Structure formats: C-alpha cells, structure tokens
Amino acid sequence: MPSLEKNALRVQMPDGSFVEIPYFKIKGGFYSPVVYIQAAQHGVELTGVYTIKLLLDSIVSTDVNGTIILVPVANPLAVKWRRHFYKMELGEPYSSYHPHQMNRLWPGKADGNETERIVYDLYRNLVEQADYVMDLHCYEQWIAPAALVNGWDEVSVRLAEYSLLPFIDVYEKSNVHRGMLSYVATEAGKHALTIEHSGQRWVFPDQAKLVHKGLMNVLRYLAVIPGEPIKPKLQLKLRRDKHVDVYAPEGEWIIVTLKTAGEEVGEGEEIAKLLDMNSLKEETIRSPVRGVIYWIGSTRSHIDTRPSEEVQVVLKGEKYRIATIYAVE
Ligand SMILES: [Zn+2]
C-alpha cells in the first residue's frame, strides 16, 4: 500500500491572517512521476471536490508507483464566498478580468491579493514539483463534460483522450489566457489537463463518478497505478467536428428538456418539447442527426453565473438555440 500524508498549506493574507489549504500526498514504488490534481478554483464548481474524494478512496487502496498530490479545494475563499470568485458581487458576470478570477492568476504573486497569494503558494509548494497537472472545473449543467487541452503539447492531448470524456476541446496557443494553470504548467514543460464536469452550484454524483473513472484511466495510462488502460473510442473534437445547432420555431415557449448534455441520441429522436404557454400545445424537437448532445436547454454564455437572468423560456421574435449536437458517423 502507498503512504498517505495529509497536510495543509498555510497562506498568509494581506491582513496577516492565514488561509489553510488541505492536501493529500500519496506515494509509493520506485517510479518517479508526480501527478497533481486539484478542484474548486471557482467557488461554485463543487463536483470536483467529490471526484477527488473518490480518487483518494481508490488510490489509497491500490499500488501507487509515483506520487499523487490531491488538493480538493484549491480556492477555499471563493467556496466560502459561494460564488466563482472571492468578492464577486451577486449578478456580476463571469469574466477573465475580476481581480480574484483565480484561473487567470497563475503562477501567483507572493505579495498580491488574497487569491494571488493562494495561487503563489500552491504553485511553489505543490505544482512546481509535478510532471502532470490536472485541474477540475464544472460547466453549467446544460453543457456536456469535456477535457480541455493545449494542442501544442502532444502528451497533454493523450491525457485528454484517456480521460474517456465524450468531448475534447483542443486549444491553440493564440487562444489561451496566459494566467491559466494549464498554460503556465505546459510552458514550464509539464503536461496539463483541464476537466469540466457538467453542473455547477451543487455536487452531481454521476458526473463525479464519470470523471473519477476517466482520471483512474489516465493514471493507469501513466503507469502510476496498475492495470491496463481502456483505449479511448468515441470522442468528439469541439468546434472542429461536424455539429448542428437546433433552433426553436417562432413562438412563445416553455422549454421542456428530455435529454441531458453528454447523452447520445439517434437521428430523429426527441430531445425536447416546446410548450406554448397560452394554448399548452406541444411542439416536438428532434435531433436532426445521430450524435452526442453538447449543449441543451439554456444556451447562453455563463448562464449559471447569473441565474436570475436565465429561464428556459423562448419569447416572440427570439432566435433561441435549443441544442447543439455533434454528429457521429
Ligand atoms: Zn472553473
């Protein structure tokens, strides 16, 4: 059995107080790779915390060849603040420019604001020693789980494939924010993987199980835990692979979703009903292709950040996208 060390970083805040960041270090064997896995950079992305709990339970009872560092809550200030960023106001949009947007602040600043100091200590003490860096996030529940990866690093792309998630988003260097953990890690010669579970604000256990299964497969692929990894089969590349947008017909509708993001659908299969709010007449929305649903229901950007601004209602004259479905040949 591997050794398990439970510890915590103590990060000093500008006012002299300390924030504690618990972490787990699991070590075994003679093989040297270090894998760093963290969750909850954003305060409402909680499913990853549960995924890390599942990983910890699995890893401590297997053989480990290398070191695995688990940080279940990378940003305790934002989690306790109950929003994406520490000090984010109610109704404030998600953005790259908030001074506490943690995933734009890597590798941090020793004398910066609260979040920059947390980032600095995480990076210096835990990330820097890692060969592989995995960062767990959550999309809104209307978007399918996906593995995000920097396309200029082939090893990272393999990690995304072995995560077995249905969608892979391959980034080009010109489109990546320089302060993201995955970018900073890749530039430092590490290999990085970002995972998006589906669903913010509360824990979605099925999503945690799905990502746990995928990360265990990645650890097998890296030979950090024993066993033959499953070879990835059906995976769709976001933006690049063939996909169709499905729009609501003209009318005044309540959207009734019948499928969830990430589900496979057949050609002609019902994915949603549209309910006329006056006559209660129903309109059936079908998938025009056989494929996998990437987005369904609420399809505006960052809808769960400002929940009061998104309701599944289509108004007259609106061009409303009900779903985006990636085709499977
Ligand atoms: Zn996030």
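The values are calculated or read from the model by the stated rules, or taken from the named source; none is laboratory data. Values in this document were obtained by computation on a predicted structure and should not be read as measured data. Here the Cβ positions follow ideal geometry from the backbone for every residue, glycine too, while neighbour counts run over all protein chains shown.
I'd like to check something: does the range 178-189 contain any residue that is within 21 Å of residue 53 (Cα to Cα), over 11 Å from the mean Cα position of the chain (by Cα) and of a type outside the set (Phe, Trp, Tyr)? Explain how you work it out, then say what you get.
Kept after step one, since they are within 21 Å of residue 53 (Cα to Cα), are these residues of the range 178-189: none.
No, that holds for no residue.
What's the total number of residues in the range 10-46 that are hydroxyl-bearing (Ser, Thr, Tyr) and within 17 Å of residue 193 (Cα to Cα)?
Initially, the range 10-46 is screened for residues hydroxyl-bearing (Ser, Thr, Tyr), giving 17, 23, 31-32, 36.
Cutting the leftovers down to within 17 Å of residue 193 (Cα to Cα) gives us 36.
Matching residues across the range 10-46 total 1.
When you look at residue 254, is it without any contact (Cβ under 8 Å) to a residue 40 or more places away in the chain, assigned to a strand (DSSP E or B), more than 22 Å from residue 139 (Cα to Cα) and hydrophobic (A, V, I, L, M, F, W, C), yes or no?
Values: without any contact (Cβ under 8 Å) to a residue 40 or more places away in the chain: no; assigned to a strand (DSSP E or B): yes; more than 22 Å from residue 139 (Cα to Cα): yes; hydrophobic (A, V, I, L, M, F, W, C): yes.
Here the answer is no, as residue 254 does not meet what is asked.
For the range 32-49, what are the residues that are out of contact with any Lys or Arg (no Cβ under 8 Å at 6 or more places or on another chain), within 15 Å of the ligand (Cβ to nearest atom) and not charged (D, E, K, R)? Steps first, please.
In the first step, residues of the range 32-49 are kept if they are out of contact with any Lys or Arg (no Cβ under 8 Å at 6 or more places or on another chain); the result is 32-42, 45, 47-49.
Then keep just the ones that are within 15 Å of the ligand (Cβ to nearest atom); that gives 37-42, 45, 47-49.
The answer is 37, 38, 39, 40, 41, 42, 47, 48, 49.
Quick check: anything in the range 47-59 among the basic types (Lys, Arg) and either free of Cβ contacts under 8 Å to residues at least 40 places away in the same chain or closer than 16 Å to residue 197 by Cβ (or both)? Can you show your working first?
If we filter the range 47-59 for residues that are among the basic types (Lys, Arg), which is where we start, we get 53.
Next, only the ones that are either free of Cβ contacts under 8 Å to residues at least 40 places away in the same chain or closer than 16 Å to residue 197 by Cβ (or both) stay: 53.
Yes, the conditions are met somewhere in the range 47-59.
Starting from the range 101-118, take each residue that is touching a residue at least 24 places away in the same chain (Cβ under 8 Å) and farther than 20 Å from residue 79 by Cβ and list its partners that are among the β-branched types (Val, Ile, Thr) and part of a helix (DSSP H, G or I), counting only C-beta distances under 7 angstrom and pairs at least six apart or across chains.
Partner pairs satisfying both residue conditions: 107/119; 107/184.
Being hydroxyl-bearing (Ser, Thr, Tyr), under 30 Å from residue 276 (Cβ atoms) and at pLDDT 95 or above is the requirement here; does residue 257 meet it?
yes
Scan the range 74-86 for residues that are under 19 Å from residue 122 (Cβ atoms) and either of a type in the set (Asp, Glu) or more than 13 Å from the ligand (Cβ to nearest atom) (or both) and report the count.
Step one: of the range 74-86, the residues under 19 Å from residue 122 (Cβ atoms) are 74-81, 84-86.
Checking the rest, the ones that are also either of a type in the set (Asp, Glu) or more than 13 Å from the ligand (Cβ to nearest atom) (or both) come to 76-77, 80-81, 86.
Number of matching residues: 5.
When you scan the range 102-117, how many residues do you find that are within 15 Å of the ligand (Cβ to nearest atom) and farther than 19 Å from residue 193 by Cα? Even if it seems obvious, please write down each step before you answer.
Start the filter on the range 102-117 by keeping residues that are within 15 Å of the ligand (Cβ to nearest atom), which leaves 102-106, 115.
From what's left, farther than 19 Å from residue 193 by Cα: 115.
Final tally of qualifying residues: 1.
Return the residues of the range 20-36 that are assigned to a strand (DSSP E or B) and within 24 Å of the chain's Cα centre (by Cα); say none if nothing qualifies.
Kept after step one, since they are assigned to a strand (DSSP E or B), are these residues of the range 20-36: 20-28, 34-36.
20, 21, 22, 23, 24, 25, 26, 34, 35, 36 - these are the residues of the range 20-36 that are assigned to a strand (DSSP E or B) and within 24 Å of the chain's Cα centre (by Cα).
Within the range 129-140, identify whether any single residue is assigned by TED's automatic domain parsing to the domain that holds residue 184, of a type in the set (D, E, K, R), within 16 Å of the ligand (Cβ to nearest atom) and touching a His at 6+ places or on another chain (Cβ under 7 Å), and answer yes or no. Steps first, answer last, please.
Taking the range 129-140 as the starting set, the residues that turn out to be assigned by TED's automatic domain parsing to the domain that holds residue 184 are 129-140.
So of that shortlist, the ones also of a type in the set (D, E, K, R) come out as 131, 135, 140.
Checking which are within 16 Å of the ligand (Cβ to nearest atom) leaves us with 135, 140.
After this cut, where a residue has to be touching a His at 6+ places or on another chain (Cβ under 7 Å) as well, the list is none.
Checked the range 129-140: no residue is assigned by TED's automatic domain parsing to the domain that holds residue 184, of a type in the set (D, E, K, R), within 16 Å of the ligand (Cβ to nearest atom) and touching a His at 6+ places or on another chain (Cβ under 7 Å).
Do we have residue 176 as at pLDDT below 95, in the same structural domain as residue 39 (by TED's automatic domain parsing) and within 15 Å of the ligand (Cβ to nearest atom) here?
Values: at pLDDT below 95: yes; in the same structural domain as residue 39 (by TED's automatic domain parsing): yes; within 15 Å of the ligand (Cβ to nearest atom): yes.
Yes.
For the range 141-248, list the strands (runs of 3 or more DSSP E) that sit wholly inside it and hold at least 3 residues that are buried (at least 22 other Cβ atoms within 10 Å of the Cβ); which are they? Lay out the reasoning, then the answer.
Working: elements: 146-150, 167-171, 191-198, 243-247.
Where strands (runs of 3 or more DSSP E) fall fully within the range 141-248 and carry at least 3 residues being buried (at least 22 other Cβ atoms within 10 Å of the Cβ), they are 146-150, 191-198.
For (1) under 20 Å from residue 138 (Cα atoms); (2) acidic (Asp, Glu); (3) surrounded by 18 or more Cβ atoms within 10 Å (Cβ to Cβ), each residue gets a yes or a no:
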{"position": "28", "(1), (2), (3)": "no, no, yes"}
{"position": "34", "(1), (2), (3)": "no, no, yes"}
{"position": "53", "(1), (2), (3)": "yes, no, no"}
{"position": "63", "(1), (2), (3)": "no, yes, no"}
{"position": "67", "(1), (2), (3)": "no, no, yes"}
{"position": "80", "(1), (2), (3)": "yes, no, no"}
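Any idea which of 212, 197, 243 is over 24 Å from residue 322 (Cα atoms) and either modelled with pLDDT of 95 or more or not hydrophobic (A, V, I, L, M, F, W, C) (or both)? Please lay out each step first, then the result.
Details: 197 fails: over 24 Å from residue 322 (Cα atoms); 243 fails: over 24 Å from residue 322 (Cα atoms).
Of 212, 197, 243, the one residue that is over 24 Å from residue 322 (Cα atoms) and either modelled with pLDDT of 95 or more or not hydrophobic (A, V, I, L, M, F, W, C) (or both) is 212.
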